[in-house]
Amino acid sequence: MVSINYPPDFLATVFGTENDSIPFLEENLNAKISFRDDSLFIDGEEKSVDFLKELVREIYTIYMSGIKVSAEDLKTAYLLKKEGYKEDFLSFYRESKIVCSQSRIVFPKGLNQGRYISAMKSNDCTFGIGPAGTGKTFLAVAMAVLSLKEKRVKRIILARPAVEAGEKLGFLPGDMAEKVNPYLRPLYDSLFDLMDVERVHKLMESDIIEVAPIAFMRGRTLNDSFIILDEAQNTTREQMKMFLTRLGFNSKVVITGDITQIDIEPSRKSGLVNAQEILKGIKGISFIYFSEKDVVRHSLVQKIIKAYEMSNGRGK
């Protein structure tokens, strides 16, 4: 057994009883881990012990730099190392962080999220494709908020297809905003996570932030804007072309979706699937793909997604 000394508050933060970092690491490293006061105890094969010692050392370096760390960061660091990431994590976090405000700083939860953030920074059009829970929409909204904060854009425009109602929403009660609200709720949730609720409402009242179904994009040219299309797998080919051609000067567009969750009629090809086929290789357009390994929700979500994928593979 190896014992390593760290400040008690650091050990409590990344190994505390209210998180699952110890069971996660014990299962993946086949080692026994515990801590008491300022001592971390590791019992296992030499390879596993050395791996974990290096892992904790790098997280501690981040902690000492003034960046707030958590058990999730320890798990992220583990996954990065398993993916073959060889650079130091401090540089990774500093280069990939999104500072929406002093109290809301977003860090990538994996190498693919870091790549996604980098792609959004360096390209005018970025596609984030993969299952639910991989941070596609949340990170896109965070980048939009950062761009607005730094005055690189003047507006944020968030759009989704309202597929379940066929974008013919007249049968729903209320005005247009009330009719489409259920379909746009996930975008509001991301905004409220990243900005004060009062500020979001003020920016929406002044049309600096607009949340609308994709049908409202037709006929517009959007300059000085950060534009996000969520749930893009439910667009048609024509809708996707219409949306992409709204891009104006000094604007960025991010398209997110999951091609395993297409809800439009089978006879109509998904605009997201079609875009993958015809837009690859165009300079300024980037495609980032996520898998169940990138899911950052409850650990069961990864297993659920994998189970469904295996079931589909068996034709069930």
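Farthest toward the positive end of the dipole of region 100-157, out of Thr134, Ile105, Leu148, is the Cα of Leu148, where the dipole comes from beta carbon charges about the Cα centre. Sites counted here are chymotrypsin sites (Phe, Trp or Tyr not before Pro) in a DSSP loop (not H, G, I, E or B) having no more than 13 other Cβ atoms within 10 Å; the longest part of the chain that contains none of them is 1-170. Placing +1 on the Cβ of every Lys and Arg and -1 on the Cβ of every Asp and Glu, with no other charges, gives the chain a dipole of roughly 1200 debye about its Cα centre.
What the Cβ-Cβ distance of Lys32 and Lys82 gives, at R0 = 22 Å and to the nearest 0.05, is a FRET efficiency of 0.65. One Cα centroid belongs to region 85-117, the other to region 186-254; the line between them spans 24 Å. Surface composition of the chain: carbon plus sulfur atoms contribute 51% of the solvent-accessible area (1.4 Å probe, protein chains only, all chains present). The sum of -39500 (n - 2.57) across all DSSP H runs of n ≥ 4, divided by the residue count of the chain, sets its helix-only mean residue ellipticity at 222 nm to -14000 deg cm²/dmol.
Heavy atoms of the protein chains alone define the surface here; on that basis the chain has 52 Å² accessible area per residue at 1.4 Å probe size.
The values are calculated or read from the model by the stated rules, or taken from the named source; none is laboratory data. Quantities reported herein were computed from a predicted structural model and do not represent experimental measurements. Backbone-built Cβ (ideal geometry, glycine too); neighbour counts: all protein chains shown. Note: areas computed on protein heavy atoms with side chains; ligands, DNA, RNA excluded. Shrake-Rupley method; radii C 1.70, N 1.55, O 1.52, S 1.80 Å.
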